[in-house]
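One structure is given here, and the rest of the page talks about it.
The values are calculated or read from the model by the stated rules, or taken from the named source; none is laboratory data. The shown structure was predicted, so the numbers you read here are calculated from the model rather than taken from an experiment. With ideal geometry, Cβ positions are generated from the backbone for all residues, glycine too; neighbour counts draw on all protein chains shown. When the accessible area is computed, the model is the full protein with side chains, heavy atoms only, and any ligands, DNA or RNA have been set aside. Shrake-Rupley method; radii C 1.70, N 1.55, O 1.52, S 1.80 Å.
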Amino acid sequence: MMRIDTHAHYYPAAYLDLLTRFGSHDTDIARVPCAGDADGDVETRLRMMDEAGVDVQILSASPQLPHFEDRSHAVEAARTANDLYADLVRRHPDRFAAYAATPLPHADAAIAELGRALDDLGFVGAAITTTVLGRSLADPALEPFYAELDRRGAVLHIHPTGGGAASPLITDHGLTWVIGAPIEDTIAVLHLLRAGITAKYPGMKVHVAHLGGHLPFLMQRVEDNYRVWNAFPDSPARAAGRMWFDTANFHAPALRCAVDTFGPHNFLLGSDYPYFQDDLYTRAVTYVENAGLPPDTVRAVMADNAADLFGPDAITGRAR
């Protein structure tokens, strides 16, 4: 049984240094052991993948994405990130695939870089954070980018920004990643659904981190707001049921709740590497296997759903 880890990060030092030079103040969280391209980093990553039985990691630079108001900075950083990712994929084509970094909020430049990443570099989709320089994902300025993803039938991976949902009650109390991240996932999806973005661009395939945040637990409450109070233009349960969610949560009861809510074909294996390593990286796999799900569901989560999302050639062609 193949195992495709769809939620992993790669942080080359040259890229992080460039972000810092352009004014980013948040790169320290990415400068962790075995996260980038220092001597031995990739070999250690591959060892952990082998020990966990993971065949392929799909990498993203989230949340260290090249989102800058300065267009030239955004474009240079995006091209740098994608070139560095492409180099790793070329060196290990059977072990890694990549989500593109794009120079948002500059939609025209993002569309151009998306085309280069998908057509020339062979990436499997694009990554975005739950907000873009404080803008909601429902901001109309982002719609041309969504329209291009829709035209291509491409995947958009949504990952928290790490801004604590703009709440000092989260950020000032050390809870930015403890609860802030899944709250950001939840808010981002609900913004898209309330604005009708996914209905308007049905060809855009949305992959949300961390089981979709709190969505599985809250889905009936959200759906009631549509059915009783007309708070959404369409059924949010139906719309969310057309998304994909990765399993980077590691709590078996939460995974069972999510699968019960959305069905077995909406879930992708995810680890959040490099923030979970060695035994905890292996746990990202074994917790799914031991969650009490039917064997067919486990097989779907491990790889079959990823093949459906990205296309069989993008995944099965990388099998060792």
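Worth pointing out:
- The candidate values are (i) 68; (ii) 54; (iii) 63; the one derived from this structure for percent of Cα pairs over 23 Å apart carries the label (ii).
- Inter-label distance for Ala231 and Arg90, nm, one decimal - labels placed 7 Å from Cα along Cα-to-Cβ: 5.0 nm
- Each Lys and Arg contributes +1 and each Asp and Glu -1, all at the Cβ; summed about the Cα centre of the chain, the dipole is approximately 660 debye.
- Selection from Ser62, Phe262, Ala127 lying farthest towards where the dipole of the chain points positive, charges on Cβ: Phe262
- Within the shell of other residues whose beta carbon sits under 13 angstrom from the beta carbon of Gly213, the net charge comes to -3, with Lys and Arg scored +1 and Asp and Glu -1.
- Cut-off 15 Å between beta-carbons: net charge of the residues surrounding Asp120, Lys and Arg +1, Asp and Glu -1: 0
- Derived scalar couplings ³J(HN,Hα) [region 92-100; Karplus, 6.51 cos²θ - 1.76 cosθ + 1.60; whole Hz; x for Gly, Pro]: 9, x, 8, 10, 9, 9, 9, 8, 6
- Summary of the geometry: region 115-187 and region 42-108, compared by the centres of their Cα atoms, lie 15 Å apart.
- Intensity falloff of region 67-155 expressed as log10 I(q)/I(0), Debye formula with alpha-carbon point scatterers, at q = 0.19, 0.23, 0.24, 0.26 Å⁻¹: -0.82, -1.14, -1.22, -1.36
- Distant-in-sequence amide contacts of Ala100, defined by a placed amide H-H separation under 5 Å and a gap of 5 or more residues or a different chain, comprise Val124, Gly125, Ala126, Ala127.
- Annotation: amide H of Asp37 within the under-5 Å range of Ala13, sequence separation 5 or more or interchain, hydrogens built in the peptide plane.
- The simple Förster model, with R0 at 22 Å and r as the Cβ-Cβ distance, assigns Arg151 and Asp313 a FRET efficiency of 0.65.
- Net lengthening on full extension, Thr171/Ala252 (0.36 nm per residue, minus Cα-Cα): 26.4 nm
- Computing FRET efficiency as 1/(1 + (r/R0)^6) for Ala141 and Asn290, where r is the C-beta to C-beta distance and R0 is 56 Å, gives about 0.80.
- Residue-averaged 222 nm ellipticity for the chain, from DSSP H runs of 4+ at -39500 (n - 2.57), nearest 500: -12500 deg cm²/dmol
- Neighbourhood net charge (15 Å Cβ-Cβ; Lys/Arg +1, Asp/Glu -1) for Ala165: -2
- 20 Å cut-off, amide nitrogen to a point 7 angstrom out along Asp120 Cα→Cβ, residues in region 46-87: 61, 66-67, 71-87
- Heavy-atom accessible surface of region 142-190: percent carbon and sulfur, 1.4 Å: 64 percent
- Computed from the alpha carbon positions, the gyration tensor of region 115-239 leads to an equivalent ellipsoid with semi-axes of 24, 20, 12 Å, biggest first.
- Heavy-atom SASA rank of Phe217, Phe310 (probe 1.4 Å, accessible area, largest first): Phe217, Phe310
- Spin-label proximity, Arg31 to region 271-293 - amide N less than 19 Å from point 7 Å beyond Cα toward beta carbon: 274-275
- Gain on full extension, evaluated as 0.36 nm per residue between Asp83 and Glu43 minus their Cα-Cα distance, stands at 12.4 nm.
- Computed on protein heavy atoms with a 1.4 Å probe, the accessible areas place Asp5, Asp28, Asp50 in the order Asp28, Asp50, Asp5, largest first.
- Rg/Rg_ref, region 1-114, where Rg_ref = 2.2 N^0.38 Å and atoms are Cα: 1.08
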